[in-house]
Structures are given as structure tokens and as C-alpha cells.
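Here the structure is laid out as C-alpha cells; the discussion comes afterwards.
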Amino acid sequence: MKRLLLTFIITAFAVFGNLHAQQYCGINGLIHVPTADMDTVGIARVGAHYIPKAMMPDRMRIDGEKFNSFTNYLSVTPFRWIEVGYGYTLWKFHQDLNPNKKTGFYAKDRYFSVKIQVIQEDKWWPSVAFGGNDVWGSGDEGESSSNYNKNYFLSLSKHLDYKKNIIGGHLTYRKWDRDFNHKWNGVVGGITFQPAFYQQLRLISEWDGCEMNIGADCRLFKYFLVQVALLDFSHVNAGLSLYIPLI
């Protein structure tokens, strides 16, 4: 079934248009791993992403159990060298905080993301960028004690053209602030592949510090971006965003 699902993902994307990357928080990247690649200048993205419970921070629970959720975000690339975003993860609670009432997404964990590219990729060297997610908030000392997704990263990305097949290599060092996310700490990264027969299709394989993930993404009709992935070859992760030209 996993092989059939992957085949379906690849086949579905092969009929669509231009390719760009997507990350669940709206900042350019792989699946769960940031890269040094940047989005198109003058573009804003509004999107939503389905997040399986395996990808959720361990402290975001209800009745002691983790849950599947969604993120929503708005991100902007005002200049070639910077991306900024604002988003939130929906959080399940009992209605009115009453354990006898039904559960639903009655709260949000909000966060800001930023990425700055200090070196642009050229023939002989990779692009280099640094940034973070959930970079500003109340933190451990604040009233909400949030920053559940707080992390910082330094990334390198390089692409090679071999007989019109584009192979991308991405290496990132990532540091998560909260102890319960430390399983994703350290050196992470992945490989992307755009085949010569259809370069608009991008296949992704990544190591996020804890699991191997695979997926694909594609730009549809210039204004929509879709990504579908399998985390640890088991958990479906998917998102859709709308591209809005600002200039």
C-alpha cells in the first residue's frame, strides 16, 4: 500500500505545472527540514498544511494523547535574500476547558518564522542561509509558556544539472529550543530530484533527525502549490498554498 501511495503521488504531480518548494510553516524547504533555497521575490503565500501527530511537539496533547492537526500561515518574500512568515498550529481542547464536553480545535499555537540567505548559489559554491521558526513569543517565562516549535537552523543547498536532470543536495544543522523536540536536533538534510523528462516534478527524500521522509511537491497553474509526503514511510503529511504576486 505504501508503494501504491507513493506511485499515486508521483503520477498525480506529473500532470501539473511549475515547481517550487514548500514547508509546513510557509518558509521554503523540504518536508520537515529547512533549506537555503528561497522563494520568488515579491510573492506572498497563504496556505494550510495537515500535520500528523508524529510531527507534533510532544507537549501538545489532549487527555495525555497526541493528535493530528493543521497549520495555517501567511509568508512573504519581500527581497531575494529574506523570507518571513506568520502561522499557527491548531490545538485541541475540551470545550470551555470542561473535560465532560466535546473536544475540538479551540486554541492556536502562534509563531513567526524567518530565513535570511547570506550567500547565493553559484557554479562553484552552495547557497547559505540561516533562520528559525517560532523565533519570537512569550517563551518559558511568559504567561503561555509556549514556543513549542522554537528552533534555529543553518542551511546549505547546492544543485547539479546532469543531462538536464536536476539533483539538489541540502544540509542543515538544526537546534530545537524545547527539550521535548530534541529528537529532531543535529545535522539533517535531504536530496531532491527533478527528472529531465519533466523538471516541474520534484521528488524529495530527507532525514529530519529522527525519521526518513519521502514526498513530492508541485506548483499548479502558477497560483497553487501542493505538497504530499510520508513521514517515516507511515504518516501522511500534505499541504496546499495560494501564491499571490505582490509586484
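The values are calculated or read from the model by the stated rules, or taken from the named source; none is laboratory data. All of these numbers come straight from a predicted model, not from anything done at the bench. Note that each Cβ is placed from the backbone with ideal geometry, even for glycine, and that neighbours are counted across all protein chains shown. Ligands, DNA and RNA are stripped out before the accessible areas are found, and what is left, the full protein with its side chains, is counted by its heavy atoms. Shrake-Rupley method; radii C 1.70, N 1.55, O 1.52, S 1.80 Å.
For the chain, what does -39500 (n - 2.57) per DSSP helix run (n ≥ 4), summed and divided by total residues, give at 222 nm, in deg cm²/dmol to the nearest 500?
Calculated mean residue ellipticity at 222 nm is -1500 deg cm²/dmol.
With every protein chain present, what is the per residue accessible area of the chain (1.4 Å probe, Å²)?
50
Work out the length of the dipole vector of the chain about its Cα centre, built from +1 on the beta-carbon of each Lys and Arg and -1 on the beta-carbon of each Asp and Glu, and round it to the nearest 20 debye.
In total the dipole reaches around 580 debye.
When the solvent-accessible surface of protein heavy atoms is calculated with a 1.4 angstrom probe, in what order do Tyr111, Tyr50, Tyr162 fall, highest first?
The residues order as Tyr162, Tyr50, Tyr111, largest area first.
Which value results when the Cα radius of gyration for the chain is divided by 2.2 N^0.38 Å?
For the chain, the normalised Cα radius of gyration comes out at 1.00.
Any idea how far the Cα center of segment 45-76 sits from the one of segment 163-201, in Å?
20
Compute the helix-to-body angle for 2-13: its Cα long axis versus the longest principal axis of the chain, expressed 0 to 90° and rounded to tens.
The helix 2-13 is inclined about 60 degrees to the chain.
Of all the C-alpha pairs in segment 164-228, what % are more than 21 Å from each other?
Of the Cα pairs, 38 percent sit more than 21 Å apart.
Would you mind counting up the charge near Pro195? Only other residues with Cβ under 15 Å from its Cβ, with Lys and Arg at +1 and Asp and Glu at -1.
+1
Calculate what fraction, in whole %, of the accessible area of segment 150-199 sits on carbon and sulfur atoms when a 1.4 Å probe is rolled over the protein chains.
65
Say the cut-off is 21 Å between C-alpha atoms; which of Lys66/Lys183; Lys66/Lys108; Lys53/Lys115; Lys53/Lys183; Lys163/Lys222; Lys150/Lys183 go over it?
Over 21 Å apart, Cα to Cα: Lys53/Lys115; Lys163/Lys222.
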